[in-house]
Amino acid sequence: MIRLVEENDRQAVMAKLPDIAKRYRELERALWRQEHLPAHVLELCRLRLAQLHRCTIELERSESDLPEGKRAALSRWESAAQYSAAERACLAFTEVYAMDTRALSDAHADAVKQHFGDAGLVMLVEALGMLDGMTRLCLLWQLAPQATGAEVTA
Amino acid sequence: MSRQPRAINPKEPTGSMIRDSALGLVPETLDHYLRLNRAIWEDGPLGPAEIEVARLRNARTVNCVFCKSVRYAIAKADGLDEERVAMIGDNYETSSLSEREKLIIAFTDQYYRDPGDLADTLKADLLRVFAADELVHLSIVVAHFSGFSRCAVSLGGMPDDLPLIEMSLPS
């Protein structure tokens, strides 16, 4: 199998460009610490992107703790009882963003703003850019997943 | 796409196009975002003209009117004139772009189309032409500008067309 990179984890790949990697880590840290969107909502969106892209390596890792049961039910978030209206609004936005960003409607945006305001919407689209980007890079770089049995059901 | 902005920044204008946009609503991440942007342009092995090829191909794919209208002065100074920009279109493969530039476009397209299914022939060509650190830089370039374009599209307020605008790197 031909691979674009020799390394098996993203930190090792990014270490080839230390100045850029440093700036990337700083942005990533700020993203998970900001107060416009709860970290667990971002984590749900990150994991949903991983499911949609069938990216095992992103699915098996954890950035933020999730309330009980939410990770396991994520592939059926629309019908599962565990999710709040605010979480559903962000997950609906995330799904359309992943498939075709141009298909996002004012209704998708309004639903997010209803819970998190204009700044929350901005935070969500900034975060999705970064999270979707890293998911796609994990696939392009063919990083090796760990054997944790993570579910990749879309 | 919505022509109405979906998020409004009510703060006093600073004169910075990016800080005065809706992105200015989240200053906690914007400063880091701009520092990463500058590092991507200045601290990687690819030159500005090659970065601009990837950025403009991405802008075209995402159809971000803002991104398509921008030309970075450092890329122009690095040799990417409008004649070459016009080649970053449907018929790029038969254009007089360099092999490196054509591979940058092919890689950018694959990033969108199916990042998990990069053909062995394309991988072999990329590995033959680019150094290892250049391929990592190219990957990050495409991911970064994809995120930026899709952010702009997601936030609405996109006109149908804009005149070209030459910019220096935002700070």
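General remarks:
- By the rule of a second cysteine Cβ within less than 4.7 angstrom, the protein assembly as shown holds isolated cysteines at A:45, A:55, A:90, A:138, B:151.
- Candidates A:33, A:71, A:136: whichever shows maximal mean-square fluctuation once chain A is modelled as a Gaussian network with Cα springs under 10 Å: A:33
- Accessible surface of region A:10-140, 1.4 Å probe: 48 percent of it comes from carbon and sulfur atoms.
- Average Cα contact separation per residue, region B:1-71, under 8 Å, 6 or more apart, as relative contact order %: 14
- Rg and Dmax, both from the Cα atoms of region B:74-171 and both in Å, are 15.2, 42.
- Rounded to the nearest 20, the Cβ-based charge dipole of region A:54-134 about its Cα centre (Lys and Arg +1, Asp and Glu -1) stands at 200 debye.
- Listing of region A:9-35 residues, each with accessible area lower by at least 50 Å² in the full protein assembly than in the chain alone (probe 1.4 Å): A:16, A:17, A:20, A:23, A:27
- Most mobile listed residue (B:11, B:68, B:76) in chain B, GNM with C-alpha springs under 10 Å: B:11
- Comparing mean-square fluctuations of A:45, A:90, A:138 from a GNM of chain A with C-alpha springs under 10 Å, the top value falls on A:138.
- When the accessible areas of A alone and B alone are added and the area of the pair subtracted, with a 1.4 Å probe, the result is around 4100 Å², both sides summed.
- Computed from phi, the 3J(HN,Hα) profile of region A:58-67 under the Karplus parametrisation 6.51, -1.76, 1.60 (θ = phi - 60°) reads 6, 6, 7, 8, 10, 9, 8, 5, 10, x Hz, with x in place of Gly and Pro.
- Rg to Rh quotient for region A:39-154, alpha carbon positions, Kirkwood Rh: 0.95
- In a reduced charge model with +1 at each Lys and Arg Cβ and -1 at each Asp and Glu Cβ, the protein assembly as shown shows a dipole moment near 340 debye about its Cα centre.
- Cross-link partners for residue B:11 among the lysines, with Cα-Cα distance under 26 Å and sequence neighbours closer than 8 places in the same chain left out: A:113.
- Chain B: relative contact order in percent, alpha carbon pairs under 8 Å with at least 6 residues between: 40
- Separation between Cα centres of region B:109-160 and region A:105-141, rounded to whole Å: 18
- Viscosity 1.002 mPa s, 20 °C: Kirkwood-radius Stokes-Einstein D of the protein assembly as shown over Cα pairs, µm²/s: 106
- Considering only Cα atoms, the convex hull volume of chain B works out to 125 Å³ per residue.
- Put simply, region A:10-106 fits an ellipsoid with semi-axes of 25, 16, 14 Å; these come from the alpha carbon gyration tensor as the roots of five times its eigenvalues, largest first.
- Per residue accessible area of chain B, 1.4 Å probe, in Å²: 43
- If you take all other residues with their beta carbon under 10 Å from the beta carbon of residue A:14, and give Lys and Arg +1 and Asp and Glu -1, the sum is +2.
- Anchor residue B:102: lysines whose Cα lies under 27 Å away (excluding residues fewer than 8 positions away in-chain): A:16, B:68, B:76, B:123
- The protein assembly as shown - mean residue ellipticity at 222 nm from DSSP helices (-39,500 (n - 2.57) per run, n ≥ 4, rounded to 500): -18000 deg cm²/dmol
- Since only B:147, A:57, B:124 are under comparison, the one whose Cα sits farthest along the positive direction of the charge dipole of the protein assembly as shown, derived from C-beta charges on Lys, Arg, Asp and Glu, is A:57.
- Amide H contacts of residue B:71 (H built 1.01 Å from N, in plane; Pro and chain starts excluded): B:165, B:166, B:167 sit under 5 Å, all sequence-distant by 5 or more or on other chains.
The values are calculated or read from the model by the stated rules, or taken from the named source; none is laboratory data. For clarity, every value in this text was computed on a predicted model and none was experimentally measured. Heads up, the Cβs are rebuilt from the backbone with ideal geometry, glycines too, and the neighbour counts pull from every protein chain shown. Surface areas here come from the heavy atoms of the whole protein model, side chains and all, with no ligands, DNA or RNA. Shrake-Rupley method; radii C 1.70, N 1.55, O 1.52, S 1.80 Å.
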